[in-house]
Amino acid sequence: MDIKKTISALAQGTDKITSNDELEQKLLASEKTKTPLRVKLGIDASGPDIHLGFAVVLRKLRNFQDFGHIAVLIIGDFTGSIGDPTGRSKTRPQLTEEQIKQNMARYKEQVFKILKPEFTEFRYNSEWSNPLTGRDIINLASKYTLARIIEREDFSERLKQGIPLHVHEILYPLFQGYDSVAVRADIELGGADQYWNLLVGRELQREFGQEPQVVITMPLLEGTDGKLKMSKSYNNYIGIAEPAKEIFGKVMSIPDEMITKYYTLCTNLSAEEIKTIGREMKSGQNPKIYKERLGKELVTMYYSKEIAETTSKEFEEVFKLKKTPQDIQDFKLPTNPINIIELLVSAKLMPSKSEARRKIAEGAIEIDGEKIKDANYSVHVTNPKVLKAGKRSFCRLIPS
């Protein structure tokens with residue numbers, strides 16, 4: 001192993017690394033003992049659909065897998081029941097066990113578009129947190145000071161503004177940090193906004209007599225608006241499991257100034273290729289050319305090269321020539337009538353019922369040009385009709 005090249009590859013595109021020296025020592029020890037490093041990533045149990053923003057961290061995790069290390073995905077079913085307040089003025093809603101299971105079933109369908117299954121370990125943090133006794137929790141709380149807890153920016157802001165900060169929220173970062181102790185993490189990955197939380201795990205490992213994990217964070221990716229962090233809450237996301245037409249079309253809508261950042265964080269192009277794209281745009285080349293290439297790169301990554309080519313051609317027809325695609329798929333209604341939400345999911349025009357409701361509320365669903373604004377709308381078809389979801393997804397409805 002060329003340690004310098006390995007570290008350079010693993011550090012590429014990162015936001016922060018707590019210690020390059022510690023990372024080097026862990027990699028050398030792993031090579032010497034032939035023991036793969038355990039690279040931890042916590043998963044928000046409330047977010048089953050993976051978008052390009054979260055894929056930035058997953059792709060770095062895959063980077064470690066390519067060097068033979070193990071991805072340890074921590075599903076926060078225990079911490080999810082607390083509700084993570086990170087970056088919010090108030091805590092997130094607490095999740096039920098059934099909600100978490102449903103979310104994770106969807107998540108697992110998508111994660112292996114990026115990660116290698118044979119190098120991936122899934123763990124639920126209820127496994128070690130549920131058995132904790134009151135005495136255990138007091139012992140855990142004794143390992144960290146209140147002063148350090150309220151250093152957290154969102155906590156301190158809430159206190160300044162007189163917004164309630166509950167005891168269970170203060171415990172959240174301790175339980176999350178305890179995950180690193182439980183799985184003996186060597187490295188923990190996260191977004192730039194999670195850096196403080198990940199340092200708690202590092203400190204707790206020291207307190208429990210373990211070698212502290214190296215914390216590596218990745219930059220946050222702005223959404224299609226080019227301003228806010230990519231999030232379903234802001235409706236500015238590109239989901240990796242969305243239809244290929246949606247991925248390509250949304251890429252074509254990103255601001256020109258975001259093009260090179262998307263190439264850097266979301267594709268496998270080399271740094272030199274991306275610099276060339278930046279230079280060519282500055283010299284006057286049309287940014288549309290590079291958006292089209294970016295769209296093809298992403299659709300190829302998450303679907304196939306053939307689908308990417310077809311999607312690109314269809315985009316030109318639909319948006320440049322204002323045509324309805326000629327090769328849209330027929331969908332035979334399983335029941336006639338059928339609820340519009342059931343129809344959108346069954347026809348695979350929407351990844352989930354919640355997303356279907358969102359699109360209906362936005363006025364993005366049409367049948368033969370008529371907008372459907374009621375989530376309870378019952379679709380009855382006697383002759384073939386065209387169903388349009390968003391700007392880029394179509395199917396022809398065939399009566400049952």
> Filtering the range 56-87 down to residues that are in a loop (DSSP other than H, G, I, E, B) and at pLDDT below 95, which residue is nearest to Gly223 (Cα to Cα)?
Replying inline: Gly87
> Can you name the residue in the range 342-400 that is of a type in the set (Asp, Glu) and under 26 Å from the mean Cα position of the chain (by Cα) and is also surrounded by the most Cβ atoms within 10 Å (Cβ to Cβ) among such residues?
Replying inline: Glu355
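Residue by residue, here is whether (1) touching a helix residue (DSSP H, G or I) at 6+ places or on another chain (Cβ under 6 Å); (2) surrounded by fewer than 23 Cβ atoms within 10 Å (Cβ to Cβ); (3) at pLDDT 95 or above; (4) not assigned by TED's automatic domain parsing to the domain that holds Ile138 holds:
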site	(1), (2), (3), (4)
Trp196	no, yes, no, no
Leu204	yes, no, yes, no
Lys227	no, yes, no, yes
Tyr237	no, yes, no, yes
Met252	yes, yes, no, yes
> Do we have Ala55 as of a type in the set (A, V, I, L, M, F, W, C), surrounded by fewer than 22 Cβ atoms within 10 Å (Cβ to Cβ) and either in contact with a helix residue (DSSP H, G or I) (Cβ under 8 Å, 6 or more places away or on another chain) or within 28 Å of Lys101 (Cα to Cα) (or both) here?
Replying inline: no
> Which of the helices (runs of 4 or more DSSP H) contained wholly in the range 162-271 include at least 1 residues that are of a type in the set (Phe, Trp, Tyr), within 22 Å of the chain's Cα centre (by Cα) and within 23 Å of Glu316 (Cα to Cα)?
Replying inline: 244-251, 259-266
> Quick one: which of Tyr290, Tyr303 is more than 29 Å from Ala105 (Cα to Cα), in contact with a Ser or Thr (Cβ under 9 Å, 6 or more places away or on another chain) and buried (at least 16 other Cβ atoms within 10 Å of the Cβ)?
Replying inline: Tyr290
> Mind checking whether some residue in the range 184-194 is farther than 26 Å from Leu52 by Cβ and modelled with pLDDT of 90 or more?
Replying inline: yes
> Which of the residues spanning the range 134-155 are buried (at least 17 other Cβ atoms within 10 Å of the Cβ) and assigned to a helix (DSSP H, G or I)?
Replying inline: Leu140, Ile149, Asp154, Phe155
> Just one of the numbered conditions (1) assigned to a loop (DSSP other than H, G, I, E, B); (2) closer than 27 Å to Pro399 by Cα; (3) out of contact with any strand residue (DSSP E or B) (no Cβ under 6 Å at 6 or more places or on another chain) is not true of Glu342; which one?
Replying inline: (1)
> Any chance the range 156-168 includes a residue that's without any contact (Cβ under 8 Å) to a residue 24 or more places away in the chain and surrounded by 15 or more Cβ atoms within 10 Å (Cβ to Cβ)?
Replying inline: yes
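Rundown of residues vs (1) farther than 19 Å from Ile238 by Cβ; (2) in contact (Cβ under 8 Å) with a residue 40 or more places away in the chain; (3) touching a strand residue (DSSP E or B) at 6+ places or on another chain (Cβ under 8 Å); (4) of a type in the set (Lys, Arg), yes/no style:
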residue: Ser253; (1), (2), (3), (4): no, no, no, no
residue: Tyr262; (1), (2), (3), (4): no, yes, no, no
residue: Leu269; (1), (2), (3), (4): no, no, no, no
residue: Lys275; (1), (2), (3), (4): yes, no, no, yes
residue: Arg279; (1), (2), (3), (4): yes, no, no, yes
residue: Lys282; (1), (2), (3), (4): yes, no, no, yes
residue: Gln285; (1), (2), (3), (4): yes, no, no, no
residue: Tyr290; (1), (2), (3), (4): no, no, no, no
residue: Lys296; (1), (2), (3), (4): no, yes, no, yes
> Regarding Arg358, is this residue under 18 Å from Pro243 (Cα atoms), in a helix (DSSP H, G or I) and of a type in the set (Lys, Arg)?
Replying inline: yes
>> Can you pull out every residue in the range 31-51 that is touching a Pro at 6+ places or on another chain (Cβ under 9 Å) and free of Cβ contacts under 8 Å to residues at least 60 places away in the same chain?
In response: Ser46
> Within the range 101-121, restricting attention to residues that are hydrophobic (A, V, I, L, M, F, W, C) and under 16 Å from the mean Cα position of the chain (by Cα), which residue is farthest from Ala185 (Cα to Cα)?
Replying inline: Ala105
> Do any residues in the range 1-25 that are under 13 Å from Leu37 (Cβ atoms) and assigned by TED's automatic domain parsing to the domain that holds Gln65 have Cβ atoms under 6 Å from those of residues that are at pLDDT 95 or above and assigned to a loop (DSSP other than H, G, I, E, B), where the two are at least six apart or on different chains, and which pairs are they?
Replying inline: none
> Which of the residues spanning the range 16-50 are under 30 Å from Lys232 (Cα atoms) and either modelled with pLDDT of 95 or more or among the polar types (S, T, N, Q) (or both)?
Replying inline: Lys16, Ile17, Thr18, Arg38, Val39, Lys40, Leu41, Ser46
> Could we say that Leu115 is out of contact with any Ser or Thr (no Cβ under 9 Å at 6 or more places or on another chain), farther than 27 Å from Arg59 by Cβ and hydrophobic (A, V, I, L, M, F, W, C) here?
Replying inline: no
>> Given the criterion modelled with pLDDT under 90 and polar (S, T, N, Q), identify the matching residue among Asn125, Asn103, Asn139, Asn130.
In response: Asn103
> Looking at Ile277, is it within 22 Å of Lys391 (Cα to Cα), at pLDDT 95 or above and among the hydrophobic types (A, V, I, L, M, F, W, C)?
Replying inline: no
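The values are calculated or read from the model by the stated rules, or taken from the named source; none is laboratory data. This is a predicted model, so every value here is computed, not measured. Here Cβ is always computed from backbone atoms with ideal geometry, including for glycine, and neighbour counts include all displayed protein chains.
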